Structure formats: C-alpha cells, structure tokens
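Student: If you scroll down you'll find the structure; I have some questions about it.
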Amino acid sequence: MRRDNIRLRALARAGDLEARIKLGGFYLQGVLDFPRNIKLALEYLSTPALKFRNDVAVLICSHLDILEIIEHSQVENLRKAAALDGCARIKLITLLIIRKNLDELAFWRGRNDGLLCKDIQKVLAQRADQDLAQALLRISEKYNIPCLDIIAAEAGAALSEGDYGRAEQALGLVAPDAQGIPDAIHEAIARIVSVAEESGRKLEKIPSTLIEASLEHSAAASDKHSCYLLGRMLAGLKTEFIETSQRSRSINLRKAIALLLKAADNGRAQAWMDLFYLCSDYRSSVGNPSMARFFLEKAAASGIAEAKRRLGALTLKEAKTIEHMEKGLSLLYESSIHGDSIANGIIKTLVLEVNGCEEEANSGIEEVQQIAPLLATRLRLARHFGLTKLEALSINPSTAIRPWGLVVQRNLHIKKGNLSEPRAVPAASRKALETIRNAAMEFAPHGEIADLLEGSLRARALKQRRIFQKVKLQENLFFSQANSTQRDALRIGTRWAQHQKKFLDQALA
C-alpha cells in the first residue's frame with residue numbers, strides 16, 4: 001500500500017491528471033495514510049488543466065462543507081458542482097439565501113427537480129426576509145446543514161471588513177426562536193448593536209427579541225457596552241438602534257439598575273447619568289433621592305458636562321459657605337467650557353452688571369495705565385468681574401485667583417456684617433479669565449509689599465479719585481453700582497437661588 005502511495009505521488013508530481021485528482025480526493029477525505037489537508041488537496045486539484053472540469057468541482061464540493069467552501073474561496077466551484085450534484089445545489093442555495101442573492105436564487109429554485117420539498121419552494125417564492133429565515137431553518141433541519149454557523153461566519157467576515165449593512169442582512173436571517181444559536185452570532189449582534197447606537201442607525205432587519213437575547217448573552221460576560229444597552233432597553237430608555245415600538249416590552253427596572261451599575265463600574269460613564277435619571281424619578285419603584293445624588297456625583301467625576309452642570313447648580317442652591325459656593329462654581333465652569341450654554345447662563349447671574357461703553361472704558365484704562373499700572377489692572381478686573389469700588393481696590397489678585405474666576409476675601413473695612421463676607425465671582429468670558437491671570441502674574445512678584453507700593457486702602461481710593469478727576473473718568477464706567485441687597489444675594493447660594501429660579505429650573509430639568 002505504501003509503495004502504491006509513493007507511486008501515486010510521483011505520478012501526480014509528473015503531471016498525471018488522474019493521479020492528481022485521486023491524490024486530491026484522498027487528502028480531502030483524509031483516508032488511508034493521507035491525513036486530511038484541504039490546502040494540499042486544493043493544490044493538486046487547482047492545476048490549470050483541471051480548472052474547467054466539472055467532475056473536479058463536484059469532488060471538491062462533496063467533501064467540503066459550506067464553511068470550508070467559503071474559507072478556501074471555492075464558491076465558483078460550488079456553482080459548477082451545483083449543475084451536476086444535488087448536494088452541492090443545496091449548499092449553494094443555502095449560501096445564496098444567506099447572502100440574499102435573490103436573482104441567482106430564483107434561477108436555482110427554478111430547476112425544480114424534486115430536490116427541494118414543496119414547503120421550502122413555497123417560502124422561497126415569497127422572497128421576504130422572514131420567509132427566507134424560515135426556509136433557512138427548514139433546510140438546516142432537513143439537510144443537516146449548520147446554517148447558523150454559516151451566518152456567523154458571514155457576519156464575522158462582514159464586520160471585519162467594516163461592512164455593517166451586509167452583517168445586519170446576514171444576522172437578520174436568524175430566527176429568534178432558533179435552537180442552539182452559536183456564541184459567535186450573539187457576539188456579532190452585540191457588536192453591530194453597539195456600532196448602530198454610536199452612529200444613530202436603526203437595525204430594522206434583526207428582531208428586537210434576538211437583539212435582547214444577544215445583549216443578555218454578552219452582558220453575562222461583563223461586556224460593558226452590552227450591559228449598558230440592555231440596561232437602557234429594560235429601563236425603557238431611548239435607544240438609537242431600535243424603534244420605540246420595538247423596545248423591550250418586559251420593563252424590569254431593578255435588573256436595568258443592576259446592568260447599568262455594572263456598565264458604569266466597568267467604565268461606561270454615561271451609565272451613571274442613566275442611573276441618576278432612574279433613581280431621581282420619585283414616581284418610579286426604584287426612586288431614591290440619596291442614590292440619585294450619589295450617581296450624579298459619580299457622573300460628574302467621570303467628566304460628563306451635564307452632570308457637572310446639574311451638580312454645580314444643586315451645590316450652589318444649597319451653599320451656605322464660601323467653600324460650597326466655590327465648589328459649585330468650579331463644576332459649572334467645567335461644564336461651560338464643554339459648551340453647556342445653561343451652565344454659562346448661570347455663571348453670568350453671579351456677576352454684577354457694570355454700565356458704560358466698552359470702548360470708552362478701554363480708552364480710559366489706557367490713560368490710567370500711563371500713570372498707575374496697578375490701578376489700571378484693578379479697573380480691568382472691576383470691569384470684567386462686576387466688582388464694586390471697594391472690592392476692586394482691596395482685592396489681591398495673586399491670592400484671589402481661582403481656575404474659574406476669583407474670590408473677594410472678607411473685607412474688614414466694611415462694618416455691615418453681611419456685606420463684609422467673601423464673595424465668589426466666576427469668569428463670565430474668556431477675556432475675564434485672561435484678565436485675572438494677567439493680574440495675578442502682575443501682582444505676584446510684589447507679594448506682601450504690594451500694599452506698600454500702592455499704600456493703604458484709603459490711599460488707593462484717594463489716588464484713584466485724583467486720577468479719575470485728572471483724566472475726566474466716571475466711576476460707574478468701571479465699578480458696579482449694585483445696591484447692598486443685590487450684593488448680599490450673591491454671597492450665599494441659598495439666597496441667590498431665590499432670585500434665579502428660572503435658571504435653576506433649566507439647569508435641573
């Protein structure tokens with residue numbers, strides 16, 4: 001036997017076609033002392049002289065399953081074999097259904113030689129997606145073809161090429177009630193759902209029940225994206241990939257909370273916001289104000305601008321000390337620099353108004369700059385931050401500066417208790433922030449001797465008044481003229497909230 005095999009290999013190497021066909025067949029089947037080796041078998045059977053022989057195509061396709069035919073690029077040989085061999089024809093029809101090549105499918109279905117039973121013929125004639133899925137299921141059962149594995153392979157190949165439309169088309173042929181759905185299909189569906197959510201695409205061909213089952217499968221493996229999307233589905237929250245009418249009918253808020261918490265812990269920051277929404281609804285069975293606040297704090301710490309705005313507004317609303325005011329303003333500022341217009345609107349309510357023409361004020365500051373540079377800096381700060389005359393002349397920019405603006409420290413020169421308290425003033429514009437930074441750098445080198453350079457507060461006020469008289473400037477062009485009630489309302493968040501209900505309602509809506 002060994003001697004015959006050696007002779008057969010020698011003939012094949014010499015170019016004997018029949019020897020090559022026989023040897024290729026042995027390697028395809030893995031018989032005698034020829035281990036199964038598809039790649040080597042195809043090398044023997046792919047010589048140019050055998051390229052157009054249909055019997056070779058039949059030999060190849062009779063010993064390869066559909067997955068192997070796809071993997072080794074033998075679809076053209078499958079078409080040739082289908083003309084002669086019923087088994088090959090079934091394989092080709094199965095592949096054409098999965099690829100939805102309806103025109104070619106109609107051609108092979110038209111060759112009605114009794115190979116396809118009547119019920120399969122009937123559903124194929126309808127050509128609708130659900131009918132194709134049913135035809136595939138029946139072919140799988142009748143001819144023992146692993147259709148689901150083939151769909152998984154097709155979807156995987158399409159996803160690796162970035163062709164999500166083709167992947168959705170293949171996955172849409174999986175019947176939701178199919179038994180033994182492979183893990184690869186669940187993983188492919190979970191992946192395409194994640195991409196669809198990010199891109200805002202609707203998945204119209206994959207049944208929602210199958211999507212839910214696949215997300216459940218992936219969530220069990222702690223995939224954060226699947227946990228997040230399934231949690232939103234079970235909570236009845238909006239999902240981009242599925243129509244409103246197709247969302248999970250079995251709302252399960254407690255399970256949704258558990259899934260969203262798992263996703264959040266694994267790094268899906270937006271899940272913290274969803275948890276906040278669910279727990280902040282007092283009508284819900286999972287409503288819990290304390291947990292809602294905790295989830296909002298976690299969302300803000302994760303960098304979500306909306307969470308920072310909400311938490312900043314709440315912190316300001318409840319603030320009774322300057323430390324809490326600073327914390328709230330810090331959060332609102334971080335939200336505003338990410339484009340949150342509502343946060344920016346709240347910030348502006350904490351800046352007192354200064355009247356007068358901007359150009360006239362700038363021109364006046366330039367004149368003062370020639371005489372008293374430090375006073376000119378104070379005027380710029382007063383103009384941009386809405387400071388009163390006393391605040392502007394007493395502030396030390398190098399210690400007052402904050403990343404979001406400045407803090408006017410306690411003023412011992414004011415006898416009325418409330419008005420002497422510190423005040424947090426945010427930067428309402430980039431120009432304001434640039435002004436306080438420049439001022440801090442200008443005052444920093446002087447340190448403790450700044451007071452010696454400018455003199456006492458009384459001396460500064462006298463110098464300012466004389467310079468204004470000299471260059472003919474009005475104080476209301478630079479300093480806020482707000483009354484004591486207006487100023488007092490900005491020092492404590494609880495008082496400020498009483499006057500800014502409109503902005504608070506917008507921020508917390």
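Student: Which condition does Lys80 not pass, out of (1) at pLDDT below 85; (2) open to solvent by 40 Å² or more (accessible area, probe 1.4 Å), if it passes all the others?
Tutor: (1)
Student: Check whether at least one residue in the range 88-105 is without any contact (Cβ under 8 Å) to a residue 12 or more places away in the chain, open to solvent by 30 Å² or more (accessible area, probe 1.4 Å), not in a helix (DSSP H, G or I) and not charged (D, E, K, R), and report yes or no.
Tutor: Yes: the range 88-105 contains one or more residues that are without any contact (Cβ under 8 Å) to a residue 12 or more places away in the chain, open to solvent by 30 Å² or more (accessible area, probe 1.4 Å), not in a helix (DSSP H, G or I) and not charged (D, E, K, R).
Student: Turning to a different aspect of this structure: One residue is enough: does the range 11-25 have a residue meeting the conditions open to solvent by 40 Å² or more (accessible area, probe 1.4 Å), touching a residue at least 12 places away in the same chain (Cβ under 8 Å), in contact with an Asp or Glu (Cβ under 8 Å, 6 or more places away or on another chain) and within 30 Å of Thr94 (Cβ to Cβ)?
Tutor: No - not one qualifying residue is present in the range 11-25.
Student: Turning to a different aspect of this structure: Can Leu136 be described as open to solvent by 30 Å² or more (accessible area, probe 1.4 Å) and either among the acidic types (Asp, Glu) or in a helix (DSSP H, G or I) (or both)?
Tutor: When the stated conditions are applied, Leu136 does not pass them.
Student: Would you confirm whether any residue within the range 115-123 is closer than 18 Å to Ala170 by Cα, at pLDDT below 85, under 45 Å from the mean Cα position of the chain (by Cα) and not basic (Lys, Arg)?
Tutor: Looking through the range 115-123, at least one residue is closer than 18 Å to Ala170 by Cα, at pLDDT below 85, under 45 Å from the mean Cα position of the chain (by Cα) and not basic (Lys, Arg).
Student: Which condition number in (1) at positive phi; (2) in contact with a Gly (Cβ under 8 Å, 6 or more places away or on another chain) is the one that Gly236 fails?
Tutor: (2)
Student: Within the range 56-68, can one find any residue that is surrounded by 13 or more Cβ atoms within 10 Å (Cβ to Cβ) and free of Cβ contacts under 8 Å to residues at least 12 places away in the same chain?
Tutor: No, the conditions are met nowhere in the range 56-68.
Student: Here is a further query. So for the range 460-478 (the condition being surrounded by 14 or more Cβ atoms within 10 Å (Cβ to Cβ), at pLDDT 90 or above, within 47 Å of the chain's Cα centre (by Cα) and outside any helix (DSSP H, G or I)), does at least one residue qualify?
Tutor: For the range 460-478, residues surrounded by 14 or more Cβ atoms within 10 Å (Cβ to Cβ), at pLDDT 90 or above, within 47 Å of the chain's Cα centre (by Cα) and outside any helix (DSSP H, G or I): present.
Student: Still on this structure, I have one more. Hey, among Ile347, Ile342, which residue is in a helix (DSSP H, G or I) and touching a strand residue (DSSP E or B) at 6+ places or on another chain (Cβ under 7 Å)?
Tutor: Sole residue among the options that is in a helix (DSSP H, G or I) and touching a strand residue (DSSP E or B) at 6+ places or on another chain (Cβ under 7 Å): Ile347.
Student: Take the conditions polar (S, T, N, Q) and either at positive phi or open to solvent by 40 Å² or more (accessible area, probe 1.4 Å) (or both) and apply them to Ser199. Does it pass?
Tutor: Against the criterion (polar (S, T, N, Q) and either at positive phi or open to solvent by 40 Å² or more (accessible area, probe 1.4 Å) (or both)), Ser199 qualifies.
Student: Same structure, new question: So which residues in the range 305-344 are within 15 Å of Leu490 (Cβ to Cβ) and either out of contact with any helix residue (DSSP H, G or I) (no Cβ under 6 Å at 6 or more places or on another chain) or open to solvent by 50 Å² or more (accessible area, probe 1.4 Å) (or both)?
Tutor: Passing the criteria: Lys317, Lys320, Thr321, Ile322, His324, Glu326, Leu329.
Student: Can you tell me how many residues within the range 359-378 are without any contact (Cβ under 8 Å) to a residue 60 or more places away in the chain and over 26 Å from Asn396 (Cβ atoms)?
Tutor: Total meeting the criteria: 2.
Student: Right, something else. When you look at Asn396, is it surrounded by fewer than 21 Cβ atoms within 10 Å (Cβ to Cβ) and under 15 Å from Arg437 (Cα atoms), yes or no?
Tutor: yes
Student: Please go through the range 279-316 and give me each residue that is assigned to a helix (DSSP H, G or I) and polar (S, T, N, Q), ordered by number.
Tutor: Hits for the range 279-316 are Ser280, Ser290, Thr315.
Student: Which is open to solvent by 30 Å² or more (accessible area, probe 1.4 Å) and modelled with pLDDT of 85 or more, of Glu442, Glu421?
Tutor: Going through Glu442, Glu421 in turn, just one is open to solvent by 30 Å² or more (accessible area, probe 1.4 Å) and modelled with pLDDT of 85 or more: Glu442.
Student: Now for a separate question. Of all residues being touching a helix residue (DSSP H, G or I) at 6+ places or on another chain (Cβ under 7 Å) and over 20 Å from Val75 (Cβ atoms) in the range 31-55, which is least open to solvent (accessible area, probe 1.4 Å)? Just the residue, please.
Tutor: That would be Phe34.
Student: Let me ask something additional. Taking the options Leu50, Leu45, Leu67, Leu59, name whichever one is modelled with pLDDT of 90 or more and not hydroxyl-bearing (Ser, Thr, Tyr).
Tutor: Sole residue among the options that is modelled with pLDDT of 90 or more and not hydroxyl-bearing (Ser, Thr, Tyr): Leu59.
Student: As an exercise: evaluate Pro397 against (1) of a type outside the set (S, T, N, Q); (2) under 16 Å from Arg487 (Cβ atoms); (3) touching an Asp or Glu at 6+ places or on another chain (Cβ under 8 Å) and give the number of the one condition it does not meet.
Tutor: Here Pro397 meets the rest and fails (2).
Student: Collect the residues in the range 262-294 that are under 19 Å from the mean Cα position of the chain (by Cα), more than 21 Å from Ile342 (Cα to Cα) and of a type outside the set (S, T, N, Q), keeping them in residue-number order.
Tutor: Lys262, Ala263, Ala264, Asp265, Gly267, Arg268, Ala269, Ala271, Leu275
Student: Out of all the residues in the range 361-379, is one or more within 16 Å of Ile467 (Cα to Cα), among the basic types (Lys, Arg) and not in a loop (DSSP other than H, G, I, E, B)?
Tutor: yes
Student: Here are Val368, Val351: which of them is modelled with pLDDT under 95, more than 18 Å from Val408 (Cα to Cα) and either crowded, with 17+ Cβ neighbours inside 10 Å or not small (Gly, Ala, Ser) (or both)?
Tutor: Criteria check complete, one pass: Val368.
The values are calculated or read from the model by the stated rules, or taken from the named source; none is laboratory data. Everything numeric here is computed off the predicted structure, so don't read it as measured data. All Cβ positions, even for glycine, are placed from backbone atoms using ideal geometry, and neighbour counts span all protein chains on display. Please note that ligands, DNA and RNA were not included when accessible areas were found on the heavy atoms of the full protein model with its side chains. Shrake-Rupley method; radii C 1.70, N 1.55, O 1.52, S 1.80 Å.
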